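The values are calculated or read from the model by the stated rules, or taken from the named source; none is laboratory data. For clarity, every value in this text was computed on a predicted model and none was experimentally measured. Cβ sites come from the backbone with ideal geometry, for glycine too, and all protein chains shown count toward neighbours.
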Amino acid sequence: MNHRLRLLLSLLSLCLSACQSTSPEKAGPAAAGGPVRVYVGTYTNAKSKGVYVMEMDPRTGALTEPKLAATTPSPSYLALHPNKKYLYAVNEVDTFNGQKTGSVSAFRVNSDGTLAPLNGQSSGGPGPCHLDLDGNGKSLIVANYAGGSVASYRVGDDGSLSAPVSVIQHEGSSVDRQRQQGPHAHCVLVEPWAGGSRALVADLGLDKVMIYRLDASNATLTPNDPPSGAAARGSGPRHLALGRGGNFLYVNNEMKSTVTTYSYDRARGALTSVQTLSTLPEGYDGSKNSTAEIAVHPSGKFVYVSNRGHDSIAVFKVDSRSGQLSAAGHQSTQGKTPRGFAVAPGGRFLLAANQNSDTVVVFRIDENNGALTPTGTTASVPSPVCVTFLAR
């Protein structure tokens, strides 16, 4: 009897040890695995030559020295293929192969983090500024800011891009005669869930979020019914982020320094405006500011928006039932013009790219209230725009 009891206790002890070693709650940062790769898109100039790469310690947020991953002109925004083998960049230029258009580049991700060019294609219009892939990585869509158009591409099994399959030119204008005389497609968001079949495109010039049906099997785009969701006149919708569960869409409005919550009807692809809040603290002159990036924390509890001028990240708490936001403070990005930022896998850190001070700054995220605290880690990256993570 004593022998059986000792054997039982021994087995229980082994089970408990195994559970503790594999439970995320118990394992802490080690559960995140090895270093997270960080890719930074830039505007190329005398200092910058293309896409840069670093390694981030998932426990501390510490970064290695950045190195050039690929030489390519103004790869301002990046998108990683779902299989993590390929990376795509818009080249924010106005001419490609002698034509008045920008381009989009495909790369293979090497084992050391560098990028090997696969091919490049016309972006279907000048000034491409954003891109996204469908959840299976079969199609890619690009937004052209200067041209006011969107283009779609088939993604080959080898990661390369087809010539543009669909090129849709937006038409119209809005109330600001300087910024909104014509369309300016600024961001693409493809429904990320299984079976997702729509692409949302923020158009700053039209004050609309355009909605498209996406046939990922052949990468074709057609207008949805309804074809768009309206933004406040003169607000200039810039970037998009879906709330956890996909029932709410958050849009930062560049020109009015606001963030709008929309309810999103996943069955119809319809948007209904619910709420709009300022991204600035009370008393700050909004004419000296424009918003840039928006992100939802992986928990779905917080939304972040970057302010250029105030040079901060605005923090908002999310009501889980209504999707509505409440202001929760601001954090200086410790640099100038935070054009882009991203929340790292695991939700513990946020990396802000300060375009005009050539820095990427790491902040720790408080999991209880979403507040940001500088970790003391800053990397020197010339003219950084976009931050993208590859967790291995």
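Here are some notes:
- Total residues in the stretch 27-54, condition in contact with a helix residue (DSSP H, G or I) (Cβ under 9 Å, 6 or more places away or on another chain), at pLDDT 95 or above and not in a strand (DSSP E or B): 1
Yes/no matrix, rows are residues, columns are (1) among the hydrophobic types (A, V, I, L, M, F, W, C); (2) out of contact with any Gly (no Cβ under 9 Å at 6 or more places or on another chain); (3) within 24 Å of Met210 (Cβ to Cβ):
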residue: Tyr250; (1), (2), (3): no, no, yes
residue: Lys256; (1), (2), (3): no, no, yes
residue: Val305; (1), (2), (3): yes, yes, yes
residue: Gly346; (1), (2), (3): no, yes, no
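- Test: residue in the stretch 191-201 that is closer than 23 Å to Glu171 by Cβ and in a loop (DSSP other than H, G, I, E, B): no
- Hey, Ala199 more than 30 Å from Gln331 (Cβ to Cβ), within 18 Å of the chain's Cα centre (by Cα) and among the hydrophobic types (A, V, I, L, M, F, W, C) or not: yes
- Of everything listed in (1) over 22 Å from the mean Cα position of the chain (by Cα); (2) in contact (Cβ under 8 Å) with a residue 60 or more places away in the chain; (3) closer than 21 Å to Arg198 by Cβ, the single unmet condition for Asp176 is (3).
- Pairs meeting the criteria (first residue in the stretch 86-104 and at pLDDT 95 or above, second residue basic (Lys, Arg), beta carbons under 7 Å, at least 6 apart or on different chains) are Tyr86/Arg108.
- Cβ-Cβ contacts under 8 Å between residues 6 or more apart (or on different chains), taken from a first residue in the stretch 189-216 that is closer than 23 Å to Asp176 by Cα to a second residue that is in a loop (DSSP other than H, G, I, E, B) and β-branched (Val, Ile, Thr), are listed as Asp207/Val175.
- Flag for Phe349 being closer than 22 Å to Thr42 by Cβ, of a type in the set (A, V, I, L, M, F, W, C) and either without any contact (Cβ under 8 Å) to a residue 24 or more places away in the chain or surrounded by 20 or more Cβ atoms within 10 Å (Cβ to Cβ) (or both): yes
- Note on the stretch 218-240: residues that are more than 20 Å from Gly172 (Cβ to Cβ), under 23 Å from the mean Cα position of the chain (by Cα) and either surrounded by fewer than 20 Cβ atoms within 10 Å (Cβ to Cβ) or modelled with pLDDT under 95 (or both) total 1.
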